[in-house]
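Asks: The structure follows.
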Amino acid sequence: MLRIRLRRVGKKKKPAYRVVVADSRAPRDGDFVDTLGLYDPMTDPPTINLNETKLRDWLRKGAQPSETTTKLLKRKGLPTTSAEAAVAAAE
């Protein structure tokens with residue numbers, strides 16, 4: 001199963017994350033299929049940059065967001081399920 005999740009990048013004690021599509025069995029910083037954007041929790045307010053068209057496409061293909069990624073998507077007002085992505089695409 002494909003998951004939309006965070007992949008840690010950045011220096012020690014200064015985390016930054018890439019939002020990626022990866023196989024659920026792959027390690028956190030291991031192989032991934034596609035990069036969807038960036039999340040930087042160290043800025044005030046935290047920076048969330050996502051490619052919305054890629055996100056909706058992967059959701060429609062069946063990729064499931066992790067719990068943390070779901071919270072980030074809700075904070076940005078983006079779809080978190082394939083049904084929500086289909087409705088957003090129809091509008």
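The values are calculated or read from the model by the stated rules, or taken from the named source; none is laboratory data. These numbers were taken from a predicted model, which means no experiment stands behind them. Because the Cβ atoms are built from the backbone with ideal geometry, glycine has one as well, and the counts that use them run over all protein chains shown.
Asks: Within the group G62, G37, which residue is among the small types (G, A, S), over 12 Å from the mean Cα position of the chain (by Cα) and either closer than 17 Å to V87 by Cβ or surrounded by 12 or more Cβ atoms within 10 Å (Cβ to Cβ) (or both)?
Replies: Residue meeting the stated conditions: G62.
Asks: So which pairs qualify, if the first residue must be in the range 26-45 and closer than 11 Å to R7 by Cα and touching a residue at least 24 places away in the same chain (Cβ under 8 Å), the second must be outside any strand (DSSP E or B) and small (G, A, S), the Cβ gap must be under 8 Å, and the two must be at least 6 apart or on different chains?
Replies: Qualifying pairs under 8 Å: F32/A26.
Asks: Restricting attention to the range 46-76, and to residues there that are among the β-branched types (V, I, T) and free of Cβ contacts under 8 Å to residues at least 60 places away in the same chain, which single residue is nearest to R5 (Cα to Cα)?
Replies: Step by step, filter the range 46-76, then rank; the result is T70.
Asks: Find the residue count for the range 10-49, including only residues that are closer than 16 Å to T69 by Cα and part of a strand (DSSP E or B).
Replies: Matching residues across the range 10-49 total 19.
Asks: So is A86 modelled with pLDDT under 95, small (G, A, S) and in a helix (DSSP H, G or I) or not?
Replies: Here the answer is yes, as A86 does meet what is asked.
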